[in-house]
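Worksheet: the structure to be examined is printed underneath.
The values are calculated or read from the model by the stated rules, or taken from the named source; none is laboratory data. It should be emphasised that the depicted structure is a prediction, and the values quoted were computed from it without experimental measurement. Positions of Cβ are backbone-derived with ideal geometry, glycine not excepted, and every protein chain shown enters the neighbour counts. The accessibility values were calculated without ligands, DNA or RNA, using every heavy atom of the protein model including side chains. Shrake-Rupley method; radii C 1.70, N 1.55, O 1.52, S 1.80 Å.
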Amino acid sequence: MTQLVAGHLNIQQDTIPELNPSYRLLLGPGPCNVDPRILRIASAPQLGHIDPEFFAILEETTQMLRWLFQTKNEMTLCVSGSGFSGAEAVLCNLLEEGDTIIVGSLGFFSGMIVDISQRAGAHVVNLETELGAPLEADVLEQAFRDHPGTKIFATAIAETSTGLLQPLEELERITHAHGALFVVDAVCGLGGVPMNVDEMKIDACYAGSQKSLGALPGLAPVTLNEQAVQVIKNRKKPVQSYYLDLQSLHRYWNGDHSYHHTACSNIVYGLREAVRIGM
Ligand SMILES: Cc1ncc(COP(=O)(O)O)c(C=O)c1O
């Protein structure tokens, strides 16, 4: 960095010590302790976001993510951001003003799907469960009957705030019987509980790099199947968010690699290493 010409707020560099963060055993609902192999590769030389060598890494990482999600989905990539950036991307691309979404709110994190969807202009049917209790199939069935034309049902496979593992099989069957998309938050679940996106017939799924995957925070793996992609392609209006536009992000990760934003190569190396270690 060039020496900044300080104005009236002058701070002498030698008054600021080098950082020496404490070691913490991270076992809470935040990030986890990162394997030294991940930290090592994350400090490898940075590649520019439009370097062909980095494009090859993005494509290879996508293949590894497909393995991780157990999916053949073409639209598989990472959003540059934490888990909620994946949630916003999936929901804001699929939802349009006035659409109805039914949300299985199992606790704090899946409960945020309600807020995100409302901000996207959707009509939200909030099926809130008792803390620690799963969403029962008959409750979802009734909600679909009460709200015909619902576009999406969304919930989490693993609700971090209570430790709940939500059974999804019946919820998927009911969702598809009513012609809606089945969206799953796997921020905590991916890499931690058995997940097979194709077999579980999940239409759109988002995750986070820093939980069960054990990588650094800052990437949200997402995957959407062809039905979900068609919903995005058939939108009446463009996605309101430039940054979270999944079609542009998909082009950047796996298409013509046209510039969309400055992705950080080092955290991608780290995620790739985390997946590689887990293979
Ligand atoms: C199930 C679940 N969903 C969403 C999130 C939000 O992820 P982030 O804090 O990475 O944005 C979390 C974070 O703990 C989570 O556990």
Yes/no for residue 257 being touching a residue at least 40 places away in the same chain (Cβ under 8 Å) and in contact with a Phe, Trp or Tyr (Cβ under 6 Å, 6 or more places away or on another chain)
yes
Within segment 90-116, residues being buried (at least 24 other Cβ atoms within 10 Å of the Cβ), among the hydrophobic types (A, V, I, L, M, F, W, C) and near the ligand (Cβ under 10 Å from one of its atoms) number 2
For segment 34-80, the count of residues that are within 22 Å of the chain's Cα centre (by Cα), touching a residue at least 24 places away in the same chain (Cβ under 8 Å) and not in a strand (DSSP E or B) equals 25
Search segment 185-202 for residues that are closer than 14 Å to residue 67 by Cα and pair each with any residue that is of a type in the set (Lys, Arg) and more than 10 Å from the ligand (Cβ to nearest atom) when their beta-carbon atoms are under 7 Å apart and the residues are at least 6 apart or on different chains.
198/72
On the given criteria, is residue 87 touching a residue at least 60 places away in the same chain (Cβ under 8 Å) and surrounded by 19 or more Cβ atoms within 10 Å (Cβ to Cβ)?
yes
List, please: which pairs have Cβ atoms under 9 Å, are six or more places apart or on different chains, and start with a residue in segment 106-132 that is among the basic types (Lys, Arg) and end with one that is away from the ligand (no atom under 14 Å from the Cβ)?
119/92
Can you pull out the residues in segment 158-192 that are more than 14 Å from the ligand (Cβ to nearest atom), in a loop (DSSP other than H, G, I, E, B) and open to solvent by less than 20 Å² (accessible area, probe 1.4 Å)?
180
